[in-house]
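Each remark here refers to the structure printed beneath this line.
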Amino acid sequence: MSVLVYTESENGKFKKNAHETSSYAYEVAKQLGVSVSAISFNADNNDELGTYGVSKVLNVSDETLKTYNAKAFARAIAQAAEKEGASVIILSSSTNSKYLAPLLSGMLKAGYAPNVVAAPESTSTFTVKRTAFSNKGFAHTQITTATKIIGVSNNAFGVIENKVEVVIEDFSPSVTDTDFSAKSTNIDKVSGKVTIADADIVVSGGRGLKGPENWGMIEELADVLGAATACSKPVSDLGWRPHSEHVGQTGKPVASNLYIAIGISGAIQHLAGISASKVKVVINTDPEAPFFKAADYGIVGDAFEVVPELIEKLKEF
Ligand code: FAD
């Protein structure tokens, strides 16, 4: 018996969430007294999963599964779970895994809890703590089925090193044409920059920046910090930034270690999407801006003065 983790990768490299889900799987497996198996798709460096507690990797090197496909990946993960006798399946709460998990849940008749932020309180009840109401509260959800699927929120549990010996096995799941009823043949990324989901640091701009021509300093600050860029909803609605950067209740959720909000008022719908971030820094001219109440650090000042100064200081490091 084992705990199975689906480790996401892109262009052969594991995403940061693969290390986090593996660390989480190790914690659950430790409580159950079993080991962790992983399934990876066309990843180059399966060995590295041993650092995060994975004892066995089922390595799928199949050309048809090179591009993410929710149904086909779910089919393969279901077969891996059966092969390993896994009663607990761990995956990320990334957009891709959130599409895939309900399909997997149907295939395995397994209960699924997404947005989980902590290890189960006890493996006898399998009650997990998850964010609820757009991150405004927590739910404690018991998964009562024999097979359980847990979707771990990004940056909630953390990456923990638990070095173990790792065995890598080739795994050839049986997927058929019907598993590819909707198929992406090619994925063109908008840019080669750090994505919001993978970012440790996010630099986000709002309407206070007045126009798209002023985003150079946001990009520069993000470059200096190795951060992703994001924005408030009106900014993407106005076409100043791509919709892929819109964060908040109706946009992407952010669970970074550091979120820097520049010229953003801190409306409840914006805060709902970023409240899982660990440290929030706000730069705003208005000392009464609601964002200051949610901030860990605040700078009352003009972004056009503060940000260039911040960039200069950071470049000195
Ligand atoms: P504003 O509210 O215009 O705030 C601009 C801020 O910049 C102000 O606080 C101002 O003091 C400051 N500022 C001005 N000049 C400077 C300067 N030179 N330097 C520094 N600061 C300056 N919003 C989201 O962001 N995400 C969502 O997902 C989202 N979903 C929504 C869903 C619904 C159903 C609804 C009704 C609204 C939603 N909104 C969402 C919109 C939200 O209510 C706010 O209108 C929006 O977040 C405001 O964006 P903003 O802070 O960029 O702009």
**Low-density loop cleavage sites - GluC sites (Glu not before Pro) in the range 82-165, where at most 16 other Cβ are within 10 Å (DSSP)** = E121, E161, E165
**Counted charge near F157, where neighbours are those whose Cβ lies closer than 11 Å (Asp, Glu -1; Lys, Arg +1)** = -1
**the range 28-53 versus the range 115-147: alpha-carbon centroid distance in Å** = 22 Å
**the chain: relative contact order in percent, alpha carbon pairs under 8 Å with at least 6 residues between** = 15 percent
**Message:** If I histogram all Cα-Cα distances within the range 177-243 using bins 10 Å wide from 0, what percent of pairs lands in each bin?
**Reply:** 19, 41, 22, 12, 5, 0
**Complete:** Between Q269 and K210, the two model label points (7 Å from Cα along the beta-carbon direction) sit apart by a distance in nm of 2.6 nm
**Prompt:** Residues of the chain: accessible area per residue at 1.4 Å, in Å²?
**Reply:** 46 Å²
**Request:** Quick one: work out Rg over Rh on the C-alpha atoms of the range 1-111, Rh as Kirkwood radius.
**Result:** 0.92
**Fill in**
For the chain, the longest principal axis of the Cα atoms and the Cα long axis of helix 70-84 enclose an angle in degrees, to the nearest 10, of 50 degrees
**Prompt:** Which of the lysines could be linked to K233 by a straight reach, that is with a Cα gap under 24 Å, when you skip same-chain ones fewer than 8 residues away?
**Reply:** K98, K136, K189, K193, K210, K252, K278, K280, K293
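Counting other C-beta atoms within 10 Å, and keeping those with at most 13, which DSSP coil trypsin sites (Lys or Arg not before Pro) do you find in the range 157-244? If you can, show how the numbers build up before the last one.
On the way: sites: K163, K183, K189, K193, R207, K210; in loops: K163, K183, K189, K193, K210.
Filter output for the range 157-244: K163, K183, K189, K210.
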**Request:** Sequence neighbours fewer than 8 away in the same chain don't count; with that in mind, list the lysines whose C-alpha is under 21 Å from K30.
**Result:** K56, K83, K129, K148, K163
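Loop-only check: which GluC sites (Glu not before Pro) in the range 259-317 are DSSP coil with at most 13 other Cβ within 10 angstrom?
On the way: sites: E288, E305, E309, E312, E316; in loops: E288, E316.
Answer by residue number: E288, E316.
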**Asked** Rounded to the nearest 500, what is the chain's calculated 222 nm mean residue ellipticity when only DSSP H runs of at least 4 contribute -39500 (n - 2.57) each, over all residues?
**Response** -8000 deg cm²/dmol
**Prompt:** Percent of alpha carbon pairs in the range 205-296 separated by more than 22 Å?
**Reply:** 17 percent
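Using the C-alpha gyration tensor of the chain, what are the square roots of 5 times its eigenvalues, in whole angstrom, with the largest one first?
Values for the chain, descending: 37, 21, 18 Å.
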**Fill in**
Between E219 and K66, Cβ-based FRET efficiency (R0 22 Å, step 0.05) works out to 0.10
**Percent accessible area from carbon and sulfur atoms, the range 248-317, protein chains only, probe 1.4 Å** = 57 percent
**Prompt:** When N counts the residues of the range 58-161, how does its alpha-carbon radius of gyration compare numerically with 2.2 N^0.38 Å, as a ratio?
**Reply:** 1.09
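The values are calculated or read from the model by the stated rules, or taken from the named source; none is laboratory data. The model shown is predicted, which means the values in this text are computed figures rather than measured ones. Note that we place each Cβ from the backbone using ideal geometry, even for glycine, and neighbour counts take in every protein chain shown. Surface areas here come from the heavy atoms of the whole protein model, side chains and all, with no ligands, DNA or RNA. Shrake-Rupley method; radii C 1.70, N 1.55, O 1.52, S 1.80 Å.
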